[in-house]
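Participant: Next up is a structure, given as structure tokens.
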Amino acid sequence: MTVDELQQLVAKEQEAKQRYKSCINVCVATGCIMCDSERVKEAIEEAVKERGLEKEVIVKGVGCLGLCSAGPMIYVEPEGIIYHKVSPEDAPAIVQGLISTPVERLVCPSEMPFFKRQVKIVMENSGTIDPERIEDYIAVGGYQALMKVLTEMSPSEVIEEVTKSGLRGRGGAGYPTGLKWSTVAKANGDRKFVVCNADEGDPGAYMDRTILESDPHRVIEGMVIAAYAVGAQQGYIYVRAEYPLAIKRLRTAIRQAERLNLLGNNIFGTTFSFHIELRIGAGAFVCGEETALIASIEGKRGTPRPRPPYPAEYGLWGYPTLINNVETFANIPSIIRNGGDWFAKIGTEKSKGTKVFALAGRVVNTGLIEVPMGITLREIVFEIGGGIPEGRKFKAVQTGGPSGGCIPEQFLDLPVDYESLTKVGSIMGSGGMIVMDETSCMVDVAKFFVEFCMSESCGKCIPCRVGTYHMHELLSRITSGIATMRDLELLEELCDLVKNTSLCGLGQTAPNPVLSTLRYFRNEYEAHILDKSCPSGVCPIRRLEEVPV
Amino acid sequence: MRAPVRIKTLTIDGKEVSAKEGETIWQVARENGIDIPTLCYLEGLSPVGACRLCLVEVKGANRLLPACVTQVEEGMEVTTNSERLVNYRRMILELLFSERNHTCSVCVVNGHCELQRLAQRLGVTHVRFPYRYPDLPVDASHERFAIDHNRCILCTRCVRVCDEIEGAHVWDVMGRGIKSQIIADLNQPWGTSDVCTSCGKCVHVCPTGAIFEKGKAVAEMEKRRQFLPYLTIMRGGKQ
Amino acid sequence: MSQRKMRLATVWLDGCSGCHMSFLDMDERLIELAEKVELVYSPFVDAKDFPQDVDITLVEGSVSTEEDLHKIRLIRDRTKILVAFGDCAVTGNVPAMRNRFRLKDIMERVYSQNSTHKNDPPVDGIPALLPKVRPIHEIVKVDVFLPGCPPKAEAIYFVLKELIEGRIPDTSQLSRFGA
Ligand SMILES: Cc1cc2nc3c(=O)[nH]c(=O)nc-3n(C[C@H](O)[C@H](O)[C@H](O)COP(=O)(O)O)c2cc1C
Ligand code: SF4
Ligand code: SF4
Ligand code: SF4
Ligand code: SF4
Ligand code: SF4
Ligand code: FES
Ligand code: FES
């Protein structure tokens with residue numbers, strides 16, 4: 001494809017769209033598919049046909065609209081009506097609604113803060129384009145950034161733009177993306193690789209999956225731009241096998257991009273060539289750790305190795321390798337199109353842009369949200385999330401999944417950025433956000449995450465392999481009411497060991513949920529131990545006499 | 001012309017030492033009479049940095065670093081034996097004892113075991129963590145050797161020696177976390193492995209009583225691993 | 001100056017008595033010790049009940065039965081310095097080798113499968129076995145750990161001498177697991 005051809009395609013697509021009066025976008029991302037959105041889509045197509053409106057109304061499967069808990073979700077253009085909890089039987093009414101008034105009982109007020117307060121960059125096309133049609137992506141400006149990069153910019157200019165944007169890695173650690181790119185660009189190697197980390201193993205997190213299901217080309221475009229910037233010829237997307245729909249859409253997207261020569265040899269007729277292959281992971285959390293991920297792609301057992309050397313110098317098969325998260329890559333096309341300065345205006349001084357969170361737990365609106373960095377936790381929980389249901393009292397919000405911590409009420413006005421969250425004992429992480437109310441027992445929450453780390457530990461190093469086991473044992477003693485204060489001391493000592501001596505991030509952060517709950521909710525631990533009671537009534541406390549020695 | 005050997009100077013436990021570029025902290029420490037405890041590391045095998053016993057403090061580094069894999073740098077200030085490090089090492093050994101079934105008094109390597117020796121050296125007189133008592137097998141299907149998983153500490157020395165030195169790659173690790181286990185071939189009895197040459201290398205690099213020669217009674221199994229540095233020198237590999 | 005003699009007890013829970021044999025191996029040093037301590041309770045002496053106000057108790061063996069459990073709690077109550085004496089007390093050692101099996105399976109194996117009489121496991125007259133054998137510090141607080149199977153006479157002597165002189169001995173260089 002040449003530059004002109006791309007522009008022609010855009011024009012043609014836009015013209016085609018003009019011909020329709022309305023567009024009914026039905027979410028066909030996993031969340032809504034689970035509640036039968038595919039049948040809803042069929043029913044609507046049927047209803048459109050019955051009324052002979054095929055020439056005026058287009059029915060489209062689109063990506064996630066965010067409010068996944070209220071699916072199946074539908075978005076009607078150009079009116080901008082959002083329907084929720086639609087069933088196939090509602091199809092005729094919805095089609096009728098195009099002509100008369102919208103179906104009141106299904107309408108989700110689009111001015112509600114859930115939609116209003118969000119700022120969309122990586123999710124900008126999610127819910128409006130068909131993720132299985134490259135033309136849809138191109139029509140909304142897709143692959144323009146790549147074209148610009150390949151025809152107008154040098155690799156170092158690309159890196160400069162990314163550096164200027166202030167983008168930091170969305171995989172958890174928040175490492176400056178521009179810096180990583182320039183390290184790989186400078187590294188010596190006859191071959192270089194670009195890897196997209198789509199392993200996403202945090203319990204409850206589905207940001208990356210949704211991005212891949214809703215707008216896969218954006219990630220591919222980001223990867224090709226990265227490859228050009230660092231001088232790589234080959235790329236891999238490492239996706240877990242539990243994400244069949246993401247895998248299917250990625251396969252389709254790669255094929256389509258190759259067909260249009262946006263991927264492959266001599267992209268846009270330049271000398272630049274880049275290929276992408278998928279690698280399917282078997283769903284081990286630790287394979288998201290970059291060195292374990294590399295081992296896994298190489299066909300070895302997925303266990304981390306000590307760093308340095310970092311993958312940027314010594315990665316896949318020993319060659320310099322750039323590894324970024326899905327969401328990191330998904331930001332790139334927008335940064336190139338609008339400029340690094342534009343991106344840097346969003347967010348806080350040190351955390352730029354937006355972040356996608358999977359909002360879950362005890363809030364009214366659960367789903368996927370994209371918010372500007374620096375927004376407060378209070379705004380997320382009480383405005384976007386709609387507060388705590390059933391008039392219950394907020395207790396804490398957990399960020400960062402098994403590597404993160406619980407943030408109590410006194411920090412609700414904390415801006416969401418990398419540094420602030422770290423300061424209060426949690427982390428930004430990859431985007432899991434679980435809200436807890438008074439019915440959650442914080443010891444039980446800590447135990448849940450420790451159990452996760454214990455079963456996901458790869459077993460290579462002793463502190464994590466055996467330490468997490470004993471942490472879990474000690475926590476179980478506490479939640480069963482048979483622990484002593486000596487057990488609590490031992491638990492704290494063990495947390496210190498596991499945190500400071502484990503080989504990789506999994507072990508190093510596994511104690512965080514315990515440490516942060518001990519920091520803010522020590523009284524709950526003590527209640528289990530001293531009063532033999534669970535203040536939230538969650539833990540099945542046993543009497544000591546019943547416990548076998 | 002040969003490239004010049006670069007020399008780095010650093011301090012280890014307050015002592016000024018010099019080292020060749022590319023040497024690890026562990027190697028330089030040992031050359032200077034400082035013995036940093038190790039379990040997974042064995043000279044001649046690739047280092048994996050897994051047991052974490054050799055962790056040292058390096059001034060300015062935000063984390064503890066494994067001496068067996070960390071290369072020296074100019075001006076480094078290394079501490080190998082602070083109270084904090086000794087405490088961590090003790091606790092790591094306690095974790096190992098609690099993990100599987102170590103009944104030293106009836107073990108074939110009693111008195112010749114690296115784990116046991118380290119426990120004594122570091123002052124581990126008891127284990128504060130409850131023992132797990134897992135039910136683990138003993139595989140005695142090999143005609144000359146046996147592997148007792150009750151004594152295995154998962155250091156993977158056997159895996160590496162068989163792969164890197166003998167070239168047979170009989171051993172590997174199966175499962176993950178606390179359920180990890182050393183397996184022969186595709187988890188079959190060792191005696192049925194077609195690739196095992198019965199060279200005995202794994203027996204002698206194993207730091208504990210996990211792999212041993214048959215016919216040895218309690219405390220009779222001594223490990224001899226002089227062959228390893230010799231083999232690596234003969235192959236021209238770096239030691 | 002005649003000091004009050006220290007009140008010493010030695011106890012035998014689930015062990016093979018090897019540790020007590022090693023105690024006797026102190027030979028002539030026993031005479032020296034006898035000047036400083038009074039042996040108030042031991043398999044070596046006749047006392048029936050564990051007395052009050054014991055200064056030092058050496059406990060051989062692991063906690064394996066209901067009776068051991070009762071005893072070790074009583075001993076802890078009545079002792080100033082409790083020494084876990086030998087590997088069985090410190091680690092569970094040989095007695096704990098049964099812990100990887102279920103108690104029920106062990107009883108069946110011993111009393112019916114492997115027995116010509118095919119008896120039911122006894123229920124009366126002997127203390128019931130605990131589901132798991134435990135080292136004593138998992139049940140009560142232990143002040144001094146003396147590993148070894150058995151610990152050497154020299155190590156026992158050193159520990160007692162230090163304790164008599166009011167010091168808590170560092171046992172790690174004297175003995176080790178399995179020694
Ligand atoms: C246990 C563990 C699991 C991880 N899982 C993921 C993951 O699922 N996805 C991801 O992008 N990064 C994950 N990471 C972080 C990666 O190691 C790496 O830092 C990241 O992919 C770099 O991309 P970024 O700079 O764009 O954030 C994980 C790290 C650890 C320690
Ligand atoms: S910290 Fe845990 S996951 Fe990481 S290498 Fe060690 S055992 Fe494996
Ligand atoms: S392997 Fe070593 S530590 Fe384990 S039982 Fe044998 S002698 Fe003891
Ligand atoms: S005896 Fe030799 S070949 Fe066989 S498993 Fe051991 S190291 Fe490998
Ligand atoms: S068998 Fe021996 S050498 Fe192999 S992992 Fe276990 S302890 Fe290490
Ligand atoms: S430690 Fe050894 S000698 Fe002492 S009682 Fe136990 S088995 Fe016997
Ligand atoms: S999956 Fe349909 S709205 Fe998120
Ligand atoms: S010896 Fe360095 S980590 Fe094991």
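The values are calculated or read from the model by the stated rules, or taken from the named source; none is laboratory data. Only a predicted model underlies this, so the values are computations on that prediction, with no experimental measurement involved. Here the Cβ positions follow ideal geometry from the backbone for every residue, glycine too, while neighbour counts run over all protein chains shown. To get the accessible areas, we keep the full protein, side chains included, count just its heavy atoms, and leave off ligands, DNA and RNA. Shrake-Rupley method; radii C 1.70, N 1.55, O 1.52, S 1.80 Å.
Participant: Could you list all residues from segment C:126-165 that are farther than 21 Å from C:ASP55 by Cβ, part of a helix (DSSP H, G or I) and at the interface with another protein chain (Cβ under 9 Å from one of its Cβ atoms)?
Facilitator: C:GLU138
Participant: Would segment B:75-86 turn up any residue that is within 7 Å of another protein chain (Cβ to nearest Cβ) and not aromatic (Phe, Trp, Tyr)?
Facilitator: Of segment B:75-86, the ones within 7 Å of another protein chain (Cβ to nearest Cβ) are none.
Scanning segment B:75-86, I find no residue that is within 7 Å of another protein chain (Cβ to nearest Cβ) and not aromatic (Phe, Trp, Tyr), so the answer is no.
Participant: Restricting to segment A:270-284, count the residues that are surrounded by 13 or more Cβ atoms within 10 Å (Cβ to Cβ) and within 19 Å of the chain's Cα centre (by Cα).
Facilitator: In the first step, residues of segment A:270-284 are kept if they are surrounded by 13 or more Cβ atoms within 10 Å (Cβ to Cβ); the result is A:272-276, A:278-281, A:283-284.
Now narrow it down to the ones that are within 19 Å of the chain's Cα centre (by Cα): A:278-281, A:283-284.
Of the residues in segment A:270-284, 6 are surrounded by 13 or more Cβ atoms within 10 Å (Cβ to Cβ) and within 19 Å of the chain's Cα centre (by Cα).
Participant: Could you tell me which of the residues B:VAL195, B:VAL205 is under 16 Å from the mean Cα position of the chain (by Cα) and of a type outside the set (S, T, N, Q)?
Facilitator: Values: B:VAL195 fails: under 16 Å from the mean Cα position of the chain (by Cα).
Residue meeting the stated conditions: B:VAL205.
Participant: Quick check on my filter: what residues within segment B:104-140 are within 16 Å of ligand 4 (Cβ to nearest atom) and part of a loop (DSSP other than H, G, I, E, B)?
Facilitator: Within segment B:104-140, B:ALA140 is the sole residue that qualifies.
This table checks each residue for (1) on the phi > 0 side of the Ramachandran plot; (2) open to solvent by less than 30 Å² (accessible area, probe 1.4 Å).
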{"position": "A:SER351", "(1), (2)": "no, yes"}
{"position": "A:LEU359", "(1), (2)": "no, yes"}
{"position": "A:VAL364", "(1), (2)": "no, no"}
{"position": "A:GLY374", "(1), (2)": "yes, yes"}
{"position": "A:CYS406", "(1), (2)": "no, yes"}
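Participant: From the list A:SER430, A:SER457, A:SER440, exactly one residue is within 16 Å of ligand 2 (Cβ to nearest atom) and in contact (Cβ under 8 Å) with a residue 24 or more places away in the chain. Which is it?
Facilitator: On the way: A:SER430 fails: within 16 Å of ligand 2 (Cβ to nearest atom); A:SER440 fails: within 16 Å of ligand 2 (Cβ to nearest atom).
Step by step, each of A:SER430, A:SER457, A:SER440 is checked, and only A:SER457 is within 16 Å of ligand 2 (Cβ to nearest atom) and in contact (Cβ under 8 Å) with a residue 24 or more places away in the chain.
Participant: Further question on the same structure: When B:VAL28 is evaluated against the numbered criteria (1) open to solvent by 10 Å² or more (accessible area, probe 1.4 Å); (2) away from ligand 2 (no atom under 16 Å from the Cβ); (3) over 29 Å from B:ARG128 (Cα atoms), which criterion, by number, is the only one it fails?
Facilitator: (1)
Participant: Taking C:ARG73, is it modelled with pLDDT of 95 or more, open to solvent by 80 Å² or more (accessible area, probe 1.4 Å) and within 30 Å of B:ALA119 (Cα to Cα)? Spell out how you get there, then give the answer.
Facilitator: Working: modelled with pLDDT of 95 or more: yes; open to solvent by 80 Å² or more (accessible area, probe 1.4 Å): yes; within 30 Å of B:ALA119 (Cα to Cα): yes.
Yes; evaluated as a whole, the condition is true for this residue.
Participant: Any idea how many residues of segment B:34-75 are of a type in the set (Asp, Glu) and either within 17 Å of A:THR291 (Cβ to Cβ) or in contact (Cβ under 8 Å) with a residue 60 or more places away in the chain (or both)? So that I can check it myself, show each step before the final result.
Facilitator: The initial filter retains those residues of segment B:34-75 that are of a type in the set (Asp, Glu), namely B:35, B:43, B:57, B:73-74.
Right, trim to either within 17 Å of A:THR291 (Cβ to Cβ) or in contact (Cβ under 8 Å) with a residue 60 or more places away in the chain (or both) and you get B:43, B:73-74.
Looking only at that region, the number is 3.
Participant: Residue check, C:ILE168 against (1) at pLDDT 95 or above; (2) part of a loop (DSSP other than H, G, I, E, B); (3) closer than 23 Å to B:SER105 by Cβ, all met but one. Which one?
Facilitator: Unmet for C:ILE168, out of (1) at pLDDT 95 or above; (2) part of a loop (DSSP other than H, G, I, E, B); (3) closer than 23 Å to B:SER105 by Cβ: (3).
Participant: Follow-up. Looking at A:ILE237, is it open to solvent by less than 10 Å² (accessible area, probe 1.4 Å) and in contact with a Cys (Cβ under 8 Å, 6 or more places away or on another chain)? Let's see the steps before the verdict.
Facilitator: On the way: open to solvent by less than 10 Å² (accessible area, probe 1.4 Å): yes; in contact with a Cys (Cβ under 8 Å, 6 or more places away or on another chain): yes.
Judged against the criteria, A:ILE237 is a match.
Participant: Continuing with the same structure: Could you identify the single residue in A:GLY374, A:GLY425 that is assigned to a loop (DSSP other than H, G, I, E, B), more than 14 Å from chain B (Cβ to nearest Cβ) and at pLDDT below 95?
Facilitator: On the way: A:GLY374 fails: at pLDDT below 95.
Only one candidate passes the filter, namely A:GLY425.
Participant: Is there a residue in segment A:431-439 that is buried (at least 21 other Cβ atoms within 10 Å of the Cβ), touching a helix residue (DSSP H, G or I) at 6+ places or on another chain (Cβ under 7 Å) and assigned to a helix (DSSP H, G or I)?
Facilitator: Scanning segment A:431-439, I find no residue that is buried (at least 21 other Cβ atoms within 10 Å of the Cβ), touching a helix residue (DSSP H, G or I) at 6+ places or on another chain (Cβ under 7 Å) and assigned to a helix (DSSP H, G or I), so the answer is no.
Participant: Okay, moving on. Here is a list: B:LEU95, B:LEU55, B:LEU64. Which entry is open to solvent by less than 10 Å² (accessible area, probe 1.4 Å), within 8 Å of another protein chain (Cβ to nearest Cβ) and more than 16 Å from ligand 3 (Cβ to nearest atom)?
Facilitator: B:LEU55
Participant: Among helices (runs of 4 or more DSSP H) lying entirely in segment A:272-355, which contain 1 or more residues that are of a type in the set (Phe, Trp, Tyr)? Lay out the reasoning, then the answer.
Facilitator: Details: elements: A:290-297, A:326-338, A:340-344.
Once the helices (runs of 4 or more DSSP H) in segment A:272-355 are filtered for at least 1 residues that are of a type in the set (Phe, Trp, Tyr), what remains is A:326-338, A:340-344.
Participant: Checking A:PRO463 against (1) away from chain B (no Cβ under 11 Å); (2) touching a residue at least 40 places away in the same chain (Cβ under 8 Å); (3) surrounded by 21 or more Cβ atoms within 10 Å (Cβ to Cβ), which single condition isn't satisfied?
Facilitator: All conditions pass for A:PRO463, except number (1).
Participant: Checking the structure you have, find out if any residue of segment A:270-291 is over 18 Å from A:LEU250 (Cβ atoms) and among the basic types (Lys, Arg). Outline the logic, then answer.
Facilitator: Applying the first criterion (over 18 Å from A:LEU250 (Cβ atoms)) to segment A:270-291 yields A:270-273, A:284-286, A:289-291.
Now drop any that are not among the basic types (Lys, Arg), which leaves none.
Among the residues of segment A:270-291, not one is over 18 Å from A:LEU250 (Cβ atoms) and among the basic types (Lys, Arg), which makes the answer no.
Participant: Would a scan of segment A:516-535 turn up a residue that is more than 13 Å from every other protein chain (Cβ to nearest Cβ), buried (at least 16 other Cβ atoms within 10 Å of the Cβ) and within 30 Å of A:TYR310 (Cβ to Cβ)?
Facilitator: Yes: one or more hits.
Participant: Conditions first: (1) within 10 Å of chain C (Cβ to nearest Cβ); (2) part of a helix (DSSP H, G or I). B:ASN101 passes all but one, so which condition is the exception?
Facilitator: Condition (2) is where B:ASN101 drops out.
Participant: In addition: Looking at A:GLU379, A:GLU289 in this structure, which one is under 20 Å from the mean Cα position of the chain (by Cα) and within 14 Å of another protein chain (Cβ to nearest Cβ)? Can you show your working first?
Facilitator: Working: A:GLU379 fails: within 14 Å of another protein chain (Cβ to nearest Cβ).
That would be A:GLU289, the only listed residue that is under 20 Å from the mean Cα position of the chain (by Cα) and within 14 Å of another protein chain (Cβ to nearest Cβ).
Participant: Does B:ASP163 satisfy the condition of being farther than 25 Å from B:CYS104 by Cα and acidic (Asp, Glu)? Give the derivation first.
Facilitator: Values: farther than 25 Å from B:CYS104 by Cα: yes; acidic (Asp, Glu): yes.
Judged against the criteria, B:ASP163 is a match.
Participant: If the Cβ limit is 6 Å and pairs must be 6+ apart or interchain, which residue in segment B:177-190 that is without any contact (Cβ under 8 Å) to a residue 12 or more places away in the chain pairs with which residue that is surrounded by 17 or more Cβ atoms within 10 Å (Cβ to Cβ)?
Facilitator: Qualifying pairs under 6 Å: B:GLY177/A:SER457; B:GLY177/A:GLY459; B:GLY177/A:ARG465.
Participant: Inside segment B:135-158, can you point out the residues that are at the interface with chain C (Cβ under 9 Å from one of its Cβ atoms) and either open to solvent by less than 20 Å² (accessible area, probe 1.4 Å) or out of contact with any helix residue (DSSP H, G or I) (no Cβ under 7 Å at 6 or more places or on another chain) (or both)? Let's see the steps before the verdict.
Facilitator: If we filter segment B:135-158 for residues that are at the interface with chain C (Cβ under 9 Å from one of its Cβ atoms), which is where we start, we get B:135-136, B:150.
Across segment B:135-158, the qualifying residue is only B:ASN150.
Participant: Still on this structure, please answer the following. Give the residues of segment B:175-232 that are open to solvent by less than 50 Å² (accessible area, probe 1.4 Å), within 14 Å of chain A (Cβ to nearest Cβ) and in a loop (DSSP other than H, G, I, E, B), sorted by residue number.
Facilitator: Result: B:GLY175, B:SER180, B:PRO207, B:THR208.
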